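Contents: one structure, followed by commentary.
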Amino acid sequence: MPTVIRTALTADAPALAALHARARATYYPQGLPEQRVDALVMWRGAVERRDGHVLCAVREGRIVGLASFRTPEGEAADTVALFQFHVDPDHWRAGVGAALHAACVEEWRADGIRVATLDVHRENRRAQAFYARHGWQPAEPGEGAGTHLRMRLPVTPGGPGETGE
């Protein structure tokens, strides 16, 4: 079954919020921490931001993956931060993440991005392995906030962002 990658729409916010919660639950064995922000409001805002982009992966009419990224405040215009990247657990190891990641890298290259960063939960070894397979490397020691590890990806034509799953 083919995966279609497209820009998320405001109408997708409920599906994005549900997918976000479902995917996050897999790396919080004690249960999800309390949300400080309403997830539906958060995803509507992410989709509607003028300085960012949300891509979604769709299979059989259902959103099964999402990626949200933008240039962080105070960063160079050729830098992007991947703030959210989730695949529905029922679709892990089915190529959805690889297709979504490839679409992100393709867009970053078209936009002249040279470096991408992300923060991944330190206990989420599965996600860390996925990112490593796609060329991401841990940033400088000490970077990242407490429970998270900062990773970087050089975004260059033919660079590590093109490695497969």
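Computed from the coordinates by the stated procedures, all read-outs in this text should not be read as laboratory data. Predicted model, so just to flag it, every value in this text is computed and none were measured. Backbone-built Cβ (ideal geometry, glycine too); neighbour counts: all protein chains shown.
Structure notes:
- In Å, descending, principal axis extents of the Cα set of region 4-162: 33, 33, 33
- If R0 is 25 Å, the Cβ-Cβ spacing of ALA39 and TRP92 corresponds to a FRET efficiency of close to 0.75.
- Inter-probe distance in nm under a simple model that places probes 7 Å from Cα toward Cβ, at LEU9 and ARG49: 2.2 nm
- Taking the fewest neighbouring Cβ atoms within 10 Å as the starting point, the ordered list for TRP43, TRP108, TRP92 is TRP92, TRP108, TRP43.
- Neighbour-count ranking [beta-carbon atoms within 10 angstrom, fewest first] of TYR131, TYR27: TYR27, TYR131
- Modelled this way, with points 7 Å down the Cα-to-C-beta line, the labels at THR156 and THR71 are 2.1 nm from one another.
- Neighbour counts of other Cβ atoms within 10 Å put HIS20, HIS121 in the fewest-to-most order HIS121, HIS20.
- When only Cα pairs below 8 angstrom with a gap of at least 6 residues are kept, region 1-156 shows a relative contact order of 20 percent.
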